[in-house]
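Below is one structure. I have some questions about it.
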Amino acid sequence: MESQIHKIHQQLVNKELSCTQLVQARLDALKQNTHHTVNALLDDMALTLAAKVDAKIANGETIGLLEGIPFGIKDVYMVQGTYTTASSDLLKQYKSAYTATAIQKLLDAGAIPLVKENCDSFGHGSSSENTIFGAVKNAINPDLVGGGSSGGSAVNVAKDYTVFSIGGDTGGSIRQPAGYNNVYGLKPTYGRVSRFGLMAYASSTDCVGPIAKSIEDIRIVLNTISGKDERDQTTYASEAIAETTTPDAGTVKTVGYFKNFIESDAIDATVKADFLAAIEKLKATGIAVKALDFFESNTLVSTYYTLAMAETASNLSRLDGTNYGNRIEGENLKDTYAITRSENFSEETKRRIVGGNQVLSQGFSDEIYRKGLNLRDQIAKNFERDFNAVDIILSPVTPSTPPKIGDSLKDPLAMYLSDAYTVGFSLGQLPTLTIPQGTATGLQVTAAKTNDELVLKFANFLKDTI
C-alpha cells in the first residue's frame, strides 16, 4: 500500500480536505467502532490542533510532512493531562503529569493524537483480553483476538481509524498483533527510541515502535521518534533512514532462517508450508538461503518470561496506592497494600508478579534468575555468530493463527508459547519488522543490532518478491 502520510499530506496542502474534517471523521469512526480499541478519545486536543493546522494552510504557511496526520497511542504512554490507565483498575483515574519523549517528538512534528488505545493491562498478555475495557476484536475476524499487548493499536491501523499508532514491544507486543491484523509493525533496535514516559514492563527489552500500513510510513515515524535522550541512558544517537525502495545491489546476499522453528511440532501445518514457499521464492531471486541452528522455542520462552516476570515484579512494586492509583483502605498499612494490589491488578498481572518475586527470592535467584541472565548472553552471542554468516534472518511471526476470544484466558501457557518466535529477537535487542506477507500472520524480518535501515530496505524488496 502507498504511504498514507504522503497521501494525506498532499491532500491537506492541495486543500482537498481540511485537517478538521480529517480528524473529525476519524474520531467519529473511533466512537462508532465495536472492536474495543478505545480507552479514551483525545477529541478536544485533536480538534484544537487540527484547527491550528488549518489556520497555517489558510495563511499560506508550509506544513511539515507529519503535520495534521492523525495517530493513536497505546495506553501505556504518558501524555500530559490525559488518562493513562495501562488498561488497569489500579490506574483507571490516573492522569499523566508529563509527556513521553517519543510522543512529544511526534507532537513537535505536528502529528495529531486521537486516542489512547486498549491493550493488555501493563502489557501483560498476547491477546489484549487482559483489560478492563473489553477484549480487543481482530480487525479481520471479530471472533478472534486482536493480538497483544498492542492489540488496540494494530486494529486501529488496520481499520483506518488511525494513520499510524505507537505501540510498545517487550517480547513481541507490536509484531504479533501486527501479524494478526495484516499490517506492518516494527520493534526497533533496543535504545534507538527513548523509553522515557513509557510504563515499564521489562526494562531490558521494552521498545517503542510504530504500527502502520506501509513501510514508508514506518520509516517516517521511526525517523521522527529516534534519537538520544538524556532521560533514558540506554538511548543512542542514530542517523535518519533515507527513503529507498530496495536494498542496494549485493547488500543482502544470504538470508537465514531457524530450522528448529520450522521443524517444531508446535507450528501450524499451513504456516509452515507458507513459510517454506516464501523461502523458495527468495531462492529464485538468486539470494542464498541458509538454515540456522538456534535455541529451542521452549527455552526462549522460558528465558524471556523468567527475566520479564522478575523485571515486572520490580517495576510494579511501586504501585501500591500510596502515591498514585486506586487505593483501597484496609485495617492497617500492610492490609491496605495487600487489598489495593489484589483487587486492582488483573489475574495475569498477579501471576507475573508472583512468578517474578519467586525467581528473585533467596534460594531461587541463583538457580533460576541468574541462569536466565546467562542464557540471554548465550542467545546474544548466537545472534552475533549468525549475522557473521547471514545478512537477514526471516521467520514466521507466530506458530499459529489467532485464537478465538476467550481461549487464551483458559490456557495461559498456550498464550506464552504464542510468543515463541518473537521473544528471541527481543532478548537479542535486535531490529525486527512484521510484514503482512508470506504466512497468515506475516513474516518477521530481522537484522543485526542498529541495522534498522536494512530491515526496512529488505522488507521493500520482499514486497514485490513473495
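The values are calculated or read from the model by the stated rules, or taken from the named source; none is laboratory data. In this text the structure is predicted, and so the values were computed from the model without any measurement. Cβ atoms come from the backbone with ideal geometry, glycine included; neighbour counts cover every protein chain shown. With ligands, DNA and RNA removed, areas are computed over all heavy atoms of the protein, side chains included. Shrake-Rupley method; radii C 1.70, N 1.55, O 1.52, S 1.80 Å.
Out of the range 242-272, which residues are β-branched (Val, Ile, Thr) and either over 30 Å from Asn223 (Cα atoms) or out of contact with any strand residue (DSSP E or B) (no Cβ under 6 Å at 6 or more places or on another chain) (or both)?
Scanning the range 242-272 gives Thr244, Thr245, Thr246, Thr251, Ile262, Ile267, Thr270, Val271.
Could you tell me whether any residue of the range 302-312 is more than 21 Å from Ala447 (Cα to Cα), at pLDDT 95 or above, open to solvent by 10 Å² or more (accessible area, probe 1.4 Å) and touching a strand residue (DSSP E or B) at 6+ places or on another chain (Cβ under 9 Å)?
no
Same structure, new question: Being farther than 30 Å from Tyr201 by Cβ and not acidic (Asp, Glu): is that true of Ala240 here?
So Ala240 fails the test.
Within the range 197-212, does at least one residue satisfy the condition of being more than 24 Å from Pro177 (Cα to Cα) and either in contact with a helix residue (DSSP H, G or I) (Cβ under 8 Å, 6 or more places away or on another chain) or at pLDDT 95 or above (or both)?
No.
What are the pairs, 6+ residues apart or on separate chains, where a residue within the range 6-18 that is β-branched (Val, Ile, Thr) has its Cβ under 9 Å from a residue that is outside any loop (DSSP other than H, G, I, E, B)?
Short answer, once both residue conditions are applied: Ile8/Leu22; Ile8/Pro70; Val13/Ile57.
Could we say that Ala135 is closer than 27 Å to Val301 by Cα and open to solvent by 10 Å² or more (accessible area, probe 1.4 Å) here?
Yes.
Would you mind stating whether Asp169 is under 23 Å from Thr205 (Cβ atoms) and touching a Cys at 6+ places or on another chain (Cβ under 7 Å)?
So Asp169 fits the description; yes.
Can I ask one more? For the range 295-349, what are the residues that are hydrophobic (A, V, I, L, M, F, W, C) and either in contact (Cβ under 8 Å) with a residue 12 or more places away in the chain or touching a helix residue (DSSP H, G or I) at 6+ places or on another chain (Cβ under 7 Å) (or both)?
Phe295, Leu300, Val301, Leu307, Ala308, Met309, Ala310, Ala313, Leu316, Leu319, Ile328, Phe345, listed by residue number.
Which members of the range 393-419 meet the condition of being at pLDDT 95 or above and closer than 19 Å to Cys207 by Cβ?
Ile393, Ser395, Val397, Thr398 - these are the residues of the range 393-419 that are at pLDDT 95 or above and closer than 19 Å to Cys207 by Cβ.
Something else now. Residues being assigned to a loop (DSSP other than H, G, I, E, B) and either open to solvent by 10 Å² or more (accessible area, probe 1.4 Å) or under 19 Å from Thr224 (Cβ atoms) (or both): count how many of those fall in the range 112-121.
The qualifying residues number 0.
Also: Out of everything in the range 210-247 that is touching a residue at least 12 places away in the same chain (Cβ under 8 Å) and closer than 26 Å to Ser317 by Cα, what residue ends up being most open to solvent (accessible area, probe 1.4 Å)?
Here the residue is Arg231.
Do we have any residue at all in the range 122-130 that's part of a helix (DSSP H, G or I) and not small (Gly, Ala, Ser)?
Yes; the residues of the range 122-130 include at least one that is part of a helix (DSSP H, G or I) and not small (Gly, Ala, Ser).
Same structure again: Return the only residue of Ile73, Ile57, Ile69 being within 30 Å of Asp320 (Cα to Cα) and not aromatic (Phe, Trp, Tyr).
Residue meeting the stated conditions: Ile73.
Name, by its number, the condition in (1) in contact (Cβ under 8 Å) with a residue 24 or more places away in the chain; (2) over 21 Å from the mean Cα position of the chain (by Cα) that does not hold for Pro403.
Going through (1) in contact (Cβ under 8 Å) with a residue 24 or more places away in the chain; (2) over 21 Å from the mean Cα position of the chain (by Cα) one by one, Pro403 breaks only (2).
Which members of the range 48-65 meet the condition of being under 17 Å from Pro113 (Cβ atoms), of a type in the set (Val, Ile, Thr) and free of Cβ contacts under 8 Å to residues at least 40 places away in the same chain?
Correct list: Thr48 only.
Only one of Gly64, Gly68, Gly81 is touching a Ser or Thr at 6+ places or on another chain (Cβ under 8 Å) and not β-branched (Val, Ile, Thr); which?
On inspection, the qualifying residue turns out to be Gly81.
For Glu329, work out the one condition from (1) modelled with pLDDT under 90; (2) part of a loop (DSSP other than H, G, I, E, B); (3) open to solvent by 70 Å² or more (accessible area, probe 1.4 Å) it doesn't fulfil.
(1)
Look through the range 248-280, keep the residues that are open to solvent by less than 60 Å² (accessible area, probe 1.4 Å) and farther than 18 Å from Leu443 by Cα, and return whichever of them is farthest from the chain's Cα centre (by Cα).
Gly250
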